[in-house]
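Beneath this line is the structure, given in C-alpha cells, with notes to follow.
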Protein chains: 2
Amino acid sequence: MTTGPTIVDVSLRDGLQNESVLVPTADKIRFADLLADAGVRRIEAASFVHPKLVPAMADAEAVLAGIHRVEGVSYSALVLNDRGLDRALDAAVDEINVVVCASDTFSRRNQNMSTADSTRIAAGIIERARAAGIFATVTVGTAFGCPFEGEVDPAAVLRIVTAAHAAGAQEICLADTIGVGVPPQVSLLADRTRAITGPDTGLRFHFHNTRNTGYANAWTALAHGADTLDSSVGGIGGCPFAPRATGNIATEDLVYLLDRGGQPTGLDLEALIAASGEMTMLLGKELPALLPRAGGFPGAVG
Amino acid sequence: MTTGPTIVDVSLRDGLQNESVLVPTADKIRFADLLADAGVRRIEAASFVHPKLVPAMADAEAVLAGIHRVEGVSYSALVLNDRGLDRALDAAVDEINVVVCASDTFSRRNQNMSTADSTRIAAGIIERARAAGIFATVTVGTAFGCPFEGEVDPAAVLRIVTAAHAAGAQEICLADTIGVGVPPQVSLLADRTRAITGPDTGLRFHFHNTRNTGYANAWTALAHGADTLDSSVGGIGGCPFAPRATGNIATEDLVYLLDRGGQPTGLDLEALIAASGEMTMLLGKELPALLPRAGGFPGAVG
C-alpha cells in the first residue's frame, strides 16, 4: 500500500470565510484542536485580510494565539499582501499561503489589482517568508474557470506558476475557486506545472464540489503527481457567486475515498465525522459532506 | 473530441423505487417523455417485480403503456424472474435488465434466493429475452460491497459475469448498490470483466453517490472501457440501509462532467435541469444533484 497525500484542512479559512454565521473565536480554537486530534497535519487556520472585507476572519490573531499548537502540525494562514504577511509572522504561523488569481477580472474584483501586479506582490511575499524561515505556498485562484471571464487559459495559470517558482515558492496550489473544473483540466495543469517546478516543489490542489466534480478531480490530481489536497470538514465553504452551491470537498469524504482507495491518509475518519457534527451545530445547518449521513464501510450497517 | 458514453436514465426505476412518495402514473409517463425530449436514448422506466414488495412499481404496465415511444429511444425494465419477463414482454419493452447480487446474503434478503440460483435463473431469462429479440443486460448487484457481508470478492462478481456472458447477455452492468465503491475497484472490475466478455459486449456501470465517490468512479469506468453509465435525474434513489443517504449519481451532474470533460453525451443540460425541477416538485424535497443549484459553466454568472 502506498502512502496517501497530505490533507490541508481549510475549514477555518476557506470554509468559514463565506458563511453567514460568524463562529465565535473560542469555537474556532476548539475546532483547530479537534482537527489536530483527528490526525490533520496541516491546518489553514485563518486569513490575514482586511477585517472589513472578510468579517469572519477579523479574529485571525486571536485564533492563532489561542490554538494549542501540536508538535508535528503545521498551522498556516492565507495572506494577500505585505501587511498580511506582517500579521502572519507576528502570529507565529508555520506557513503562509499567498493567492494570485489567474483571471484578471476576478483578481481586480477580489484583490483590487491586476493578475500581473498580484503576481509581483506574491513574489515579494514569498521571498520575505522564505527569509523568515516560513514555508511558503502560492495558490493560483480561478485556475479552472472564472465567473466573470468564463474559461481561463492554462497559459495564464502557468505564467503565475513560473513566477512563483522563480520566487522560491516551496509549493504550488492550483485552485478551482468556483468549482467548475473537470479531470482533463486537472491532468493538464498538473503535468505542466510539474514540468515547470520539477519534483522538489510541492504540488497541491484546492477543489470545490460545487458541480459534483470535486472528488473526481482530486482522484485525478493524485494520479498526476499531486502530493497535497485541500478540503474542509463537512464540505463547508459557501460561494458568493452561487448562494445555494456546496463548498470545498469534504475532509471526511476525501479520507473515505483515499483510505478505501489504497492511499491511506492517516486521519481518523470517526473523529472527523464527530468534528463534522460539531461544525453542523456551529453553523446550524446540514452540511454537504455525505459520510456523516451514510456512515463508513465496511461495518456501517448489517 | 471523442464521443461520450451512453447514459441510461434510471430515475423512474431505481430512482423512485425507494422513495417514500408514490409518484402518480401520469407524472411518471410525463417524466419519461421529458427525458426523451432532453435527449436520453435509454430509459429504464419500471421494474416488473411483485407490487407488494415494491409498491412504487405497481403501475409498471400502465407506465410502459402510457409512454409516448420516441423513435431511437430504448425503453427498458428490470426483471428478476420469469414472471417479470412475461410482464415485460407483454409491455413491449425494448430491453430488459436482470439483476443478480454478488453477495449471497444480500441476494437471499433481496430476492429470496442464493446467488447461485439467481445466476441460473438470470441465464434462463437472458436466453428467453434473446429468443424474443429483446436486448438483454445482466446487472451484478452489490459488486462493490454488501451492507451485510462487507467486502465482496471480485471473484464472486466475475463468476456472474462469466455465466451471464455464456448465456448471451449483450451487456454487463456492474452495480455499486449501496454506494461504497472506489476507483481502484472500478478499474479492476472493468478490466477483468472486459477480459471475460471481449469487446463486443456492452460494459455498463451503475453508481450511487452515497459517499461522494460516484463521479470519480464514473470517470474511472470510462477510462477503463465502460461505454454506458446509469444515472437518475436529481440523483434520486434512496437507500433502505442509510435513510439519510443520497442516491444514484445525477444525470445532470454526470452530463456536466462528461460534456465539459470532452466526452459529449448529446443530452440537453438545461432540459435536464428543468426535469430535475419537475422531480423536485413531485417528491417535495431538495434533491442531491448540484447543477440545478450551481448552474452550468461557462455562462452561469457574471
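The values are calculated or read from the model by the stated rules, or taken from the named source; none is laboratory data. From a predicted model like this one, the values you see are computed outputs, not experimental measurements. All Cβ positions, glycine included, derive from the backbone under ideal geometry; neighbour counts span all protein chains shown. The accessibility values were calculated without ligands, DNA or RNA, using every heavy atom of the protein model including side chains. Shrake-Rupley method; radii C 1.70, N 1.55, O 1.52, S 1.80 Å.
Residue-by-condition table, conditions (1) touching a strand residue (DSSP E or B) at 6+ places or on another chain (Cβ under 9 Å); (2) not acidic (Asp, Glu):
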residue	(1), (2)
A:Thr25	no, yes
A:Asp59	yes, no
A:Glu95	yes, no
A:Val99	yes, yes
A:Asn112	no, yes
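Please count how many residues of the stretch A:233-272 are among the charged types (D, E, K, R), open to solvent by 40 Å² or more (accessible area, probe 1.4 Å) and within 11 Å of chain B (Cβ to nearest Cβ).
Counting residues in the stretch A:233-272 that are among the charged types (D, E, K, R), open to solvent by 40 Å² or more (accessible area, probe 1.4 Å) and within 11 Å of chain B (Cβ to nearest Cβ) gives 3.
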Here are the criteria: (1) more than 22 Å from A:Asn217 (Cα to Cα); (2) surrounded by fewer than 20 Cβ atoms within 10 Å (Cβ to Cβ). Tell me which single one B:Val138 does not satisfy.
(2)
Anything in the stretch B:260-296 that is among the charged types (D, E, K, R) and either under 20 Å from A:Ala242 (Cα atoms) or part of a helix (DSSP H, G or I) (or both)? List them, or say none.
B:Arg260, B:Glu270, B:Glu278, B:Lys285, B:Glu286, B:Arg293
Condition set of a type in the set (Val, Ile, Thr) and open to solvent by 10 Å² or more (accessible area, probe 1.4 Å), scope the stretch B:94-114, selection farthest from the chain's Cα centre (by Cα): answer is B:Thr105
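Here is a yes/no grid of residues against (1) touching a strand residue (DSSP E or B) at 6+ places or on another chain (Cβ under 8 Å); (2) polar (S, T, N, Q); (3) in a loop (DSSP other than H, G, I, E, B):
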residue: A:Gly179; (1), (2), (3): yes, no, yes
residue: A:Leu189; (1), (2), (3): yes, no, no
residue: A:Thr220; (1), (2), (3): no, yes, no
residue: A:Gly234; (1), (2), (3): yes, no, no
residue: A:Thr246; (1), (2), (3): yes, yes, yes
residue: A:Glu252; (1), (2), (3): no, no, no
residue: A:Val255; (1), (2), (3): yes, no, no
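For the stretch A:34-66, name all the residues that are open to solvent by 40 Å² or more (accessible area, probe 1.4 Å) and not in a loop (DSSP other than H, G, I, E, B).
A:Leu34, A:Asp37, A:Pro55, A:Glu61, A:Ala62, A:Ala65, listed by residue number.
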Here's a check for you: in the stretch A:223-232, which residue that is part of a loop (DSSP other than H, G, I, E, B) and touching a helix residue (DSSP H, G or I) at 6+ places or on another chain (Cβ under 9 Å) is surrounded by the most Cβ atoms within 10 Å (Cβ to Cβ)?
A:Ala226
Tell me whether the stretch B:4-15 contains one or more residues that are without any contact (Cβ under 8 Å) to a residue 40 or more places away in the chain, farther than 27 Å from B:Gly261 by Cα and either among the hydrophobic types (A, V, I, L, M, F, W, C) or touching an Asp or Glu at 6+ places or on another chain (Cβ under 6 Å) (or both).
no
Can you name the residue in the stretch B:187-218 that is touching a residue at least 40 places away in the same chain (Cβ under 8 Å) and more than 10 Å from every other protein chain (Cβ to nearest Cβ) and is also nearest to B:Gln170 (Cα to Cα) among such residues?
B:Gly202
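For (1) in contact with a Ser or Thr (Cβ under 6 Å, 6 or more places away or on another chain); (2) away from chain B (no Cβ under 14 Å), each residue gets a yes or a no:
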{"position": "A:Thr115", "(1), (2)": "yes, yes"}
{"position": "A:Ile125", "(1), (2)": "no, yes"}
{"position": "A:Glu149", "(1), (2)": "yes, no"}
{"position": "A:Ala164", "(1), (2)": "no, yes"}
{"position": "A:Cys173", "(1), (2)": "yes, yes"}
{"position": "A:Ile178", "(1), (2)": "no, no"}
